[in-house]
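Laboratory data are not the source of any read-out in this text; all were calculated from the coordinates shown. Note that this is a predicted model, so its numbers are computed, not measured. Glycine also receives a Cβ, built like all others from the backbone with ideal geometry; neighbour counts cover every protein chain displayed.
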Amino acid sequence: MDALEAMRTIGACRRYQPDDVPDAVLYRAAEAARFAPQGGNRQPVRLIAVRERAAKERLRDLYLVPWRAYFEAAMAGTQALGEYSSARQAVLAADEFARNLAEHPLLIVVCAHQEDLHLTDLELDRPSVVGGASIYPYVQNLCIALRVQGVATTITTLSVAAEPEVRELLAIPDGYLTACHLAAGYPADGFPRRLTRRPVEETVFLERFGNPIGASRETS
Ligand SMILES: Cc1cc2nc3c(=O)[nH]c(=O)nc-3n(C[C@H](O)[C@H](O)[C@H](O)COP(=O)(O)O)c2cc1C
């Protein structure tokens, strides 16, 4: 499988087979993912692979608190679309995923060393996002490297709300934050063939914001 196919078929996996993801598979993925770029090559990311049942149950219980609030809002927001709309089905699948969090074979907590995030946008009058740019390329690399080995993933950030409790549970030292969690495992229903995203013409512009790549190519 090439990188383009892996990216197009990665999806957020909501149901997993019970089989463990071996350390060797995780190691191989991380061995490639670590080559992600990061500000100043300061390599802030650390991963904690969680398989112990009790720890996964605690992570599930912590996750369900923000999830339930999100779920109620999402169900209310999609009510008008009808029971079988794809948006509503996606929310229901995410709810099943949440309730089964402790059953997923592998949970990965992504930590980052705070001092090694080079925050160049703190002075701007908007939320800071630059710190994440030294973390999430690694995370996506990891997801792709797992994908090519047949392992599916879902990234969650609602889980970050419980950072103090997660820090205690997993003995995360001071100075490290949690950036997201991943669920990982062999997919119960295979990988998606078609994901829903905006077309390139709506999101890639030439020279000026709003000048779509396709239209410009035709006129230039
Ligand atoms: C930054 C980020 C945060 C996310 N957080 C959650 C989460 O907390 N819970 C969840 O169920 N899915 C979460 N997701 C998964 C998204 O819901 C999913 O990627 C999106 O619905 C698209 O699904 P698809 O890739 O299967 O098309 C997150 C994804 C990203 C990239």
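For the charge dipole of the range 3-189, defined by +1 on Lys and Arg C-beta atoms and -1 on Asp and Glu C-beta atoms about the Cα centroid, which residue among A161, P173, Y63 has the Cα displaced farthest towards the positive pole? Farthest along the dipole direction, towards plus: Y63. Between the listed residues L195, G39, I144, the Cα displaced farthest toward the positive end of the dipole of the chain, a dipole computed from Cβ unit charges relative to the Cα centre, is found at L195.
Where in the range 114-139 is the amide nitrogen less than 17 Å from a point lying 7 Å along the Cα-to-Cβ axis of D174? Those under the cut-off are 114-116. Only one residue of C13, V110, A49 has its Cα farthest out toward the positive end of the dipole of the range 3-189, where Lys and Arg carry +1 and Asp and Glu -1 on Cβ, and that residue is C13. With the cut-off at 1.5 for a/c, could you classify the range 12-160 from its C-alpha gyration tensor as rounded, prolate or oblate? Since a/c reaches 1.5 but b/c is at least a/b, the shape of the range 12-160 is classed as oblate.
Taken along the Cα-to-beta-carbon direction at a fixed 7 Å, the label points for V204 and R53 span 4.9 nm.
Between S86 and S128, the simple label model (points 7 Å from Cα in the Cβ direction) yields a spacing of 3.8 nm.
Per-residue Cβ neighbour counts within 10 Å put D61, D125 in the sequence D125, D61, beginning with the fewest. Grab the other residues whose beta carbon is less than 14 angstrom from that of A33, score K and R as +1, D and E as -1, and report the net. Value of the local net charge: +3.
Note on the chain: with charges restricted to the Cβ of Lys and Arg (+1) and Asp and Glu (-1), its dipole about the Cα centre is near 460 debye. When only the Cβ of Lys, Arg, Asp and Glu is charged (+1, +1, -1, -1), the dipole of the range 1-129 relative to its Cα centre reaches about 220 debye.
Summing charges over neighbours of Y138, with a neighbour being any other residue whose Cβ is under 13 Å away from its Cβ, gives +1 when K and R count +1 and D and E count -1.
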